[in-house]
1. To the nearest 0.05, what FRET efficiency results for S244 and M148 with a Förster distance of 25 Å applied to their C-beta separation?
2. Normalized C-alpha radius of gyration of segment 16-141, against 2.2 N^0.38 Å?
3. Over the Cα atoms of segment 156-281, Rg to Rh with Kirkwood Rh, two decimal places?
4. Looking at segment 55-119 from every direction and averaging, what is the projected area of its Cα convex hull in nm²?
5. Anything in the chain that counts as a DSSP H helix reaching 27 Å or more along its axis (C-alpha) with Kyte-Doolittle mean of at least -1.0? List them, would you?
6. For segment 134-179, how big is Rg over Rh, using alpha carbon atoms and the Kirkwood form of Rh?
7. How high is the relative contact order of the chain, in percent, counting Cα pairs under 8 Å that sit 6 or more residues apart?
8. Quick one: longest stretch of the chain between exposed loop trypsin sites (Lys or Arg not before Pro), exposed meaning at most 12 other C-beta atoms within 10 Å and loop per DSSP?
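The values are calculated or read from the model by the stated rules, or taken from the named source; none is laboratory data. It should be emphasised that the depicted structure is a prediction, and the values quoted were computed from it without experimental measurement. A quick note on method: Cβ atoms are made from the backbone with ideal geometry, for glycine too, and the neighbour counts reach across all protein chains shown. To get the accessible areas, we keep the full protein, side chains included, count just its heavy atoms, and leave off ligands, DNA and RNA. Shrake-Rupley method; radii C 1.70, N 1.55, O 1.52, S 1.80 Å.
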Amino acid sequence: MSAVTSSRSKSFIILTIIYIAATLVGWGTYKALMGCVPDMLWRLFIADVIATVFTWFWGLVFKNVSVYDPYWSVLPPVLMTLWYFQIGTANPATCLMLTAVWLWGIRLTANWAYTFRNLDTEDWRYKKYRTEQKPFIFQIINFFGLNMVPTIVVFLAMMPGLHLIDHIYEANLLTGLGFVISIGAMLLQLVADTQKHRFSKTHRGEICKVGLWKHGRHPNYLGEIMMWWGVWVMFISVNHFTSSIWYIVGPVAMTCLFLFISIPLMEGRQLKNKPGYADYRKETRIFI
């Protein structure tokens with residue numbers, strides 16, 4: 001197995017097969033539930049959960065939680081497009097939203113692919129949990145915290161976009177603003193990640209303080225948060241705010257995920273491994 005999993009190209013092929021299979025499993029689940037779960041959105045959510053379980057299983061097979069990593073960026077454009085072909089109709093608001101989601105998904109997946117090594121390499125956060133926790137506790141964290149919770153948060157963040165697809169809406173100025181926020185978020189992530197990659201090549205182990213990173217400690221995370229607020233703005237642009245207020249749960253959950261989990265984990269590691277990060281932290285805000 002190691003000869004296969006240590007190869008970058010072979011690992012890519014394996015993950016591609018896993019994700020194609022996960023899509024088919026999810027869609028098959030959605031179709032199989034048509035007779036017993038009348039609500040289409042609940043069927044879609046259950047299908048998403050089953051596809052996550054399928055991906056989690058292969059993470060167990062390869063003893064690598066990072067098998068789940070592409071799910072974050074691959075799922076939304078694929079799922080929302082399948083949803084569109086299932087019940088959607090072409091209209092300006094939907095087209096803007098899907099365009100933003102696809103550009104974001106392609107960009108984020110490309111960044112993952114650029115940093116991906118092979119199936120023998122696991123993200124440092126997962127290694128941290130694996131080494132610090134007993135095996136049984138780690139597997140609980142793995143299933144719920146590292147696989148299922150992100151899936152649920154992303155699904156909640158997609159809810160405004162999914163609702164946008166199943167109605168005929170005309171775009172307006174607020175829809176355009178939401179689109180600009182999402183596209184701006186994608187470009188922010190692109191610039192931040194590109195600057196970080198270039199800096200790391202010549203300044204290995206040092207604190208990146210160039211470009212966007214000079215003005216904010218986590219501009220890439222800010223872009224991720226902004227992306228889903230943009231989708232929400234596109235949604236409320238064509239809906240009465242008071243009757244759809246609960247849809248704000250998605251972008252709020254996404255914001256909390258980064259503020260209270262991702263950023264503290266990253267900053268703890270930086271404080272431990274990079275001298276001077278404490279000063280950088282005092283001098284520079286979390287976001288721009």
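1. The calculated FRET efficiency here is 0.45.
2. Output field value: 1.21.
3. 1.09
4. The orientation-averaged projected area of the Cα hull of segment 55-119 comes to 5.0 nm².
5. Helices meeting the criterion: 8-32, 40-61, 92-115, 173-202.
6. Radius of gyration over Kirkwood radius for segment 134-179 works out to 1.32.
7. For the chain, the relative contact order is 20 percent.
8. So the longest stretch without any such site is 1-116.
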